[in-house]
Amino acid sequence: MASRSKFQDPGLILTAVLVIYAAFVFIWWPTDVYWLGVSLVGWLMFIGLFFWFLLAIIYAVWIEQIEGTNDS
C-alpha cells in the first residue's frame, strides 16, 4: 500500500476551505452592510451552517471512496 501525501488528506483540504470561509466572514465583519434588517455577516454565518453541513457530507463520501479504493 502506497503512502498518501498529507496534502491530499480530505480533512486537511476541507479544514483549509473552512478557514478561508471563516477568514472571509471575519474580514467582512467591520463593514456595516444590512440586508432585510440583518447584518450581512449574520447572513454569511447563517449560510455557513449549511456550507459546513455540505462539507461534512463531502468529507464522509470522500473518505468512503478512499477506503473503498484501499480495500480493493
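The values are calculated or read from the model by the stated rules, or taken from the named source; none is laboratory data. This one's a predicted model, so the numbers in the text were calculated from it and none came from an experiment. Cβ atoms come from the backbone with ideal geometry, glycine included; neighbour counts cover every protein chain shown. These area figures cover heavy atoms from the full protein model, side chains too; ligands, DNA and RNA do not enter into them. Shrake-Rupley method; radii C 1.70, N 1.55, O 1.52, S 1.80 Å.
Only a single item in (1) touching a residue at least 40 places away in the same chain (Cβ under 8 Å); (2) of a type in the set (S, T, N, Q); (3) open to solvent by less than 70 Å² (accessible area, probe 1.4 Å) is not met by S5, and it is number (1). Tallying residues that are assigned to a helix (DSSP H, G or I) and either out of contact with any helix residue (DSSP H, G or I) (no Cβ under 7 Å at 6 or more places or on another chain) or β-branched (V, I, T) (or both) within the range 19-51 yields 15.
If you take the residues of the range 1-18 that are assigned to a helix (DSSP H, G or I) and small (G, A, S), which of them is modelled with the highest pLDDT?
Of the range 1-18, the ones assigned to a helix (DSSP H, G or I) are 6-8, 10-18.
Filter once more, keeping what is small (G, A, S): 11, 16.
On the way: G11: 80, A16: 89.
If we take residues in the range 1-18 being assigned to a helix (DSSP H, G or I) and small (G, A, S), then A16 is modelled with the highest pLDDT.
Pairing each residue of the range 32-46 that is closer than 21 Å to I20 by Cβ with any residue that is surrounded by 15 or more Cβ atoms within 10 Å (Cβ to Cβ), provided the two are 6+ apart or on different chains, yields C-beta distances under 9 Å for V33/S39; V33/L40; V33/V41; V41/V25; L44/Y21; L44/V25; M45/V25.
The residue that is least open to solvent (accessible area, probe 1.4 Å), among those in the range 52-72 that are farther than 18 Å from L12 by Cα and in a helix (DSSP H, G or I), is G68.
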